[in-house]
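Novice: Next up is a structure, given as structure tokens.
The values are calculated or read from the model by the stated rules, or taken from the named source; none is laboratory data. Fair warning: this is a prediction, and the values are worked out from it, not measured in the lab. Neighbour counts run over all protein chains shown; Cβ positions are idealised from the backbone, glycine included. Heavy atoms of the whole protein, side chains included, go into the accessibility calculation; ligands, DNA and RNA do not. Shrake-Rupley method; radii C 1.70, N 1.55, O 1.52, S 1.80 Å.
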Protein chains: 2
Amino acid sequence: MREFELLRHIYDANAGLGDDIAIPPGDDMAMIRLAGRDLLAAVDQVVDGRHVRLETTPLALIGRKAVTRSLSDIAAMAARPVGALVAVVLPPDFGADRAEALFDAMRATAAEYDCPLIGGDIAFHGDASHPLTCSVTVLAEPVNGRAITRAGAEVDDIVYVTGALGGAVLEDGGGRHLTFEPRIAEAIQLAAALGPNLHAMIDLSDGLGRDASHIAEASNVQVVIEAAQIPCSAGVDWRAAAAGGEDYELLFTARGDVPTSLTGGLAVTPIGRVSPRRGEDGSMVVFHDGEQIIPGDELGWQHES
Amino acid sequence: MREFELLRHIYDANAGLGDDIAIPPGDDMAMIRLAGRDLLAAVDQVVDGRHVRLETTPLALIGRKAVTRSLSDIAAMAARPVGALVAVVLPPDFGADRAEALFDAMRATAAEYDCPLIGGDIAFHGDASHPLTCSVTVLAEPVNGRAITRAGAEVDDIVYVTGALGGAVLEDGGGRHLTFEPRIAEAIQLAAALGPNLHAMIDLSDGLGRDASHIAEASNVQVVIEAAQIPCSAGVDWRAAAAGGEDYELLFTARGDVPTSLTGGLAVTPIGRVSPRRGEDGSMVVFHDGEQIIPGDELGWQHES
């Protein structure tokens with residue numbers, strides 16, 4: 001199996017690349033023609049044994065997750081994908097058929113979200129025990145000139161979340177973290193519906209508690225969450241839903257009339273409110289559970305990584 | 001050691017980011033403001049045991065090479081860097097000090113070439129025996145609206161190479177492949193001096209023979225190289241110089257008055273000529289050695305990867 005043949009296999013299947021790909025993959029760099037002058041970029045990774053389990057997870061789902069994890073960052077900015085670059089390190093005995101299956105899944109997933117693969121690199125480990133690693137860089141453009149950051153939350157905003165949280169990673173390694181849909185269309189729909197009333201947004205990869213604290217920190221506010229309002233997956237209590245990661249739903253703060261559901265029926269649930277920050281050392285996130293007020297710091301997830 | 005702290009360390013040191021970074025690293029995506037509407041992108045990787053040796057190579061040089069390998073792709077297009085994203089997978093026992101040293105080297109190297117780090121991801125392996133992996137995505141803009149591809153070589157172009165070739169990787173793992181300077185400024189200088197007479201260009205990562213065949217294939221021509229004219233590093237014969245990789249010099253085809261040296265005194269040496277392609281199965285690259293005509297196919301490097 002050779003890198004050159006594998007990359008050619010990928011790029012040949014790329015025949016449907018749009019007119020905005022001015023230099024297709026295969027040269028030293030690909031070139032894309034952008035509509036605007038602002039470009040968003042992010043990179044994320046999937047490592048065997050950490051984010052997926054090669055022994056039990058179908059290659060199609062590993063390739064899918066490698067791409068959707070990064071696409072979810074585009075959703076978080078309410079942006080439009082323009083292209084992706086993938087870099088993969090394979091164990092030396094991986095085999096051409098499996099490598100092609102992995103790349104086919106990555107390309108198909110990217111294409112599903114109008115995000116053509118415009119670049120790639122394949123390297124091989126020195127030892128068969130070394131783990132498969134996929135890094136995926138995504139490029140995107142803001143829609144109508146505006147990207148939604150984590151930093152815009154204002155006191156008295158309402159805090160919303162899409163979908164249902166918790167239970168995304170099952171004990172056997174399976175679960176929704178392999179099959180989730182990045183909320184790109186839904187985020188763009190929200191930004192269009194809310195305009196300047198959409199203040200801050202993030203995708204839930206680290207878990208509701210930690211990701212809410214990222215918004216709070218970036219915006220210099222406190223996020224207060226009503227535990228009873230968190231939309232939990234079946235069989236998951238609110239503490240597990242707040243601590244669990246890899247939901248890849250949207251968490252945002254806004255004013256005004258927020259739709260209660262989005263295209264495809266995705267629920268939008270108000271779960272809390274933005275408050276002034278309580279001093280330098282105050283908890284960034286607080287949960288109200290009936291009469292109890294529980295600082296996020298005490299829930300045990302704050303200092304995990 | 002936590003990813004969040006490490007990334008913060010990187011981004012804090014990024015204080016000198018220019019005004020064209022509209023959203024600095026630390027949000028779901030960074031945003032850069034481009035001068036033009038065309039964007040170039042490529043990704044490359046450095047894996048311990050394959051491209052570097054963690055046991056013997058200083059971390060500063062590993063970080064440097066991870067970035068310069070990708071910057072060399074920008075040189076190959078005669079383009080201007082706009083930003084880089086790095087994704088690293090570390091062994092679990094790597095330690096915060098070494099991780100910071102690695103990232104400091106990557107950031108300093110990128111900054112040296114006016115290519116700010118605008119995004120990053122850090123993941124950890126499950127086992128201490130798993131190798132360090134760095135993938136670096138680079139973004140660039142064409143200069144004066146034109147990127148130089150591999151596909152523009154024309155029959156009767158003269159073929160040139162910068163610097164001296166061969167011996168870049170020493171037996172002990174050291175050598176010029178760790179310390180080379182990506183030829184970005186020199187490539188831009190060439191494009192400015194030659195204008196439309198600069199037809200095709202590539203950086204020499206796979207070795208002169210293989211990289212010349214990449215130009216030949218993309219341009220549908222044959223490249224004929226005069227062995228005696230190849231500028232070889234001290235103690236390297238032409239066959240080793242043609243087969244060796246990781247020179248990261250420029251190989252290009254052009255017409256007209258080509259400078260014999262570039263800024264800093266880098267030599268530019270004519271080494272051959274572009275010929276019509278000899279049928280579908282003809283060798284893409286041919287070497288003239290005195291009276292001998294040697295198809296590149298017979299030199300043994302053609303089918304390595």
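Novice: Between chains A and B, what is the buried accessible area summed over both chains (1.4 Å probe, protein heavy atoms, nearest 100 Å²)?
Specialist: Protein heavy atoms only, the A-B interface buries about 5100 Å².
Novice: Say a label goes 7 Å from Cα toward Cβ at A:T179 in every copy; what distances in nm does this one have to the rest, shortest first?
Specialist: With the label placed 7 Å along Cα→Cβ, A:T179 yields 5.6 nm.
Novice: Also, I was wondering about something else. I'd like to check one number: the per residue accessible area of the range B:205-292, probe 1.4 Å, reported in Å² as a whole number. Walk me through the numbers before you get to the answer.
Specialist: Numbers: 3690 Å² over 88 residues.
I get 42 Å² per residue for the range B:205-292.
Novice: May I ask you to derive the relative contact order of chain A, considering only C-alpha pairs under 8 Å and at least 6 residues apart, and to give it as an integer percent?
Specialist: Numbers: 660 pairs, mean separation 62.0, N = 305.
Relative contact order here is 20 percent.
Novice: Follow-up question, since we're still on this one. I need the calculated FRET efficiency for the pair B:A60 and A:D257, taking r as the beta carbon distance and R₀ as 56 Å, to the nearest 0.05.
Specialist: Details: r = 55 Å, r/R0 = 0.98.
The pair B:A60/A:D257 has a calculated efficiency of 0.55.
Novice: Rounded to the nearest 0.05, what FRET efficiency do B:E291 and A:E112 have when you use their Cβ-Cβ distance and R0 = 45 Å? All intermediate terms of the calculation are to be shown ahead of the outcome.
Specialist: Working: r = 58 Å, r/R0 = 1.29.
So, using R0 = 45 Å, E works out to roughly 0.20.
Novice: Follow-up question, since we're still on this one. Over the range A:174-267, what is the relative contact order in percent, taking alpha-carbon pairs closer than 8 angstrom and at least six residues apart?
Specialist: Numbers: 103 pairs, mean separation 42.2, N = 94.
Over the range A:174-267, the number comes to 45 percent.
Novice: Now a separate question. When ligands, DNA and RNA are left out and all protein chains stay put, how many square angstrom of accessible area per residue does the range A:23-128 have with a 1.4 Å probe?
Specialist: 30 Å²
Novice: Go through B:G63, A:A216, B:A191 and say which Cα lies farthest out towards the positive end of the charge dipole of the protein assembly as shown; charges sit on Cβ, +1 for Lys and Arg, -1 for Asp and Glu.
Specialist: Result: B:A191.
Novice: Hey, another quick one. To the nearest 0.05, what FRET efficiency results for A:A240 and A:D20 with a Förster distance of 56 Å applied to their C-beta separation?
Specialist: On the way: r = 44 Å, r/R0 = 0.78.
Calculated value: 0.80.
Novice: Place a point 7 Å from the Cα of A:D156 along the Cα-to-Cβ direction; which residues of the range A:276-300 have their backbone N under 17 Å from it?
Specialist: A:276-277
Novice: Ignoring everything except DSSP H segments at least 4 long, calculate the 222 nm mean residue ellipticity for chain A; use -39,500 (n - 2.57) per segment, divide by total residues, nearest 500. Don't skip to the answer; put the middle values down first.
Specialist: Values: 6 runs with 74 residues, N = 305.
The helix contribution divided over chain A gives -7500 deg cm²/dmol.
Novice: Something else about it: Share of the protein assembly as shown's accessible area from carbon and sulfur, percent, 1.4 Å?
Specialist: Details: 10870 of 23050 Å².
With neighbouring chains kept in place, the figure for the protein assembly as shown is 47 percent.
Novice: Here is a further query. Hey, can you list the residues from the range B:13-58 whose accessible area shrinks by 50 Å² or more with all protein chains present, relative to the chain by itself (probe 1.4 Å, no ligands or nucleic acids)?
Specialist: B:D27, B:D28, B:M29, B:M31, B:L34, B:R37, B:D38, B:L39, B:A41, B:V43, B:Q45, B:R50
Novice: At 7 angstrom along the Cα-to-beta-carbon line, where would the label on A:N144 sit relative to the other copies? Give the distances in nm, shortest first.
Specialist: 4.1
Novice: Using a label point 7 angstrom from Cα along Cα-to-C-beta, what distances in nm, from shortest up, separate B:A193 from the other copies?
Specialist: 6.0
Novice: At a threshold of 8 angstrom on Cα-Cα distance, excluding pairs fewer than six apart, so keeping six or more, what relative contact order does the range A:42-156 reach in percent?
Specialist: Working: 195 pairs, mean separation 48.2, N = 115.
Value for the range A:42-156: 42 percent.
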